[in-house]
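Report on one structure; see the data block that follows.
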Amino acid sequence: PYLAQTGGCTVLEVGAGTGDWAEVLPPTARYLWFDNDSQKLSGFLARGTGALAVIGDAARMCLKDKSVGWALCVAVSHHLTDDELRQFLCSLATVSRNGLIFLDGLRSENFWTSQLLWKYDRGSNPRKLEALKPFIEEFFDIEKEEQFAVYHNYWICQAKPKV
């Protein structure tokens, strides 16, 4: 339901990896792949989707201000330090017109499967919601949010760039 509103817009997925989220966007959405991993770029291009792809640093995006409708960020924030996360979100707020759809796992001491999965994840900065949410709120106004659990506790939100 969060992605339904992206129809007719350019959707920038940052930390896009394999680009799988492009497959669940509305058919009228235009997908823009963005990641810093050239190996993942090769895999994405090999799929032959015809979508545009940019390799670069998400904290210093080479895109014009307000040039994309929506920014999509899935399972990226736990790979970033606090300073990197702040720069990253500032960039997203600058390039997106309509907003951000953000999803990531949350650190939890009460969920043993989550603790085990975080132990093996390459990301070294899982955060509790009370630590993560203020980063988003520095650059965006959260319009809707929810939490759910599947092996981890997750938080998803839709947020509008602050004016």
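The values are calculated or read from the model by the stated rules, or taken from the named source; none is laboratory data. All of these numbers come straight from a predicted model, not from anything done at the bench. We place every Cβ from the backbone using ideal geometry, glycine too, and count neighbours over all the protein chains shown. Note: accessible area is taken over every heavy atom of the protein model, side chains too, but ligands, DNA and RNA are not part of it. Shrake-Rupley method; radii C 1.70, N 1.55, O 1.52, S 1.80 Å.
Assuming charge only on the beta carbon of Lys and Arg (+1) and of Asp and Glu (-1), the dipole of the chain about its Cα centre is about 280 debye to the nearest 20. Spatially close Lys pairs in the chain, defined by Cα atoms under 29 Å apart and a spacing of eight or more places or different chains, total 24. Rounded to the nearest percent, how much of the accessible area of the chain (1.4 Å probe, protein heavy atoms only) is carbon and sulfur? Looking at the chain in its full context, I get 53 percent from C and S. Between residue 124 and residue 83, the contour length at 0.36 nm per residue exceeds the alpha carbon distance by 13.4 nm. For the chain, the relative contact order comes to 20 percent (Cα pairs under 8 Å, sequence separation of at least 6). Principal axis analysis of the Cα atoms in the chain yields extents of 43, 38, 30 Å, listed in decreasing size. Think of the chain as having a plus end and a minus end, set by charges on the Cβ of Lys, Arg, Asp and Glu; of 105, 149, 88, 88 sits farthest toward the positive end of this dipole. Going by a ≥ b ≥ c, the root eigenvalues of the Cα gyration tensor, does the range 1-85 fall in the rounded group (a/c under 1.5), the prolate group (a/b larger than b/c) or the oblate group? Taking the square roots of the gyration eigenvalues as a ≥ b ≥ c, the range 1-85 is oblate.
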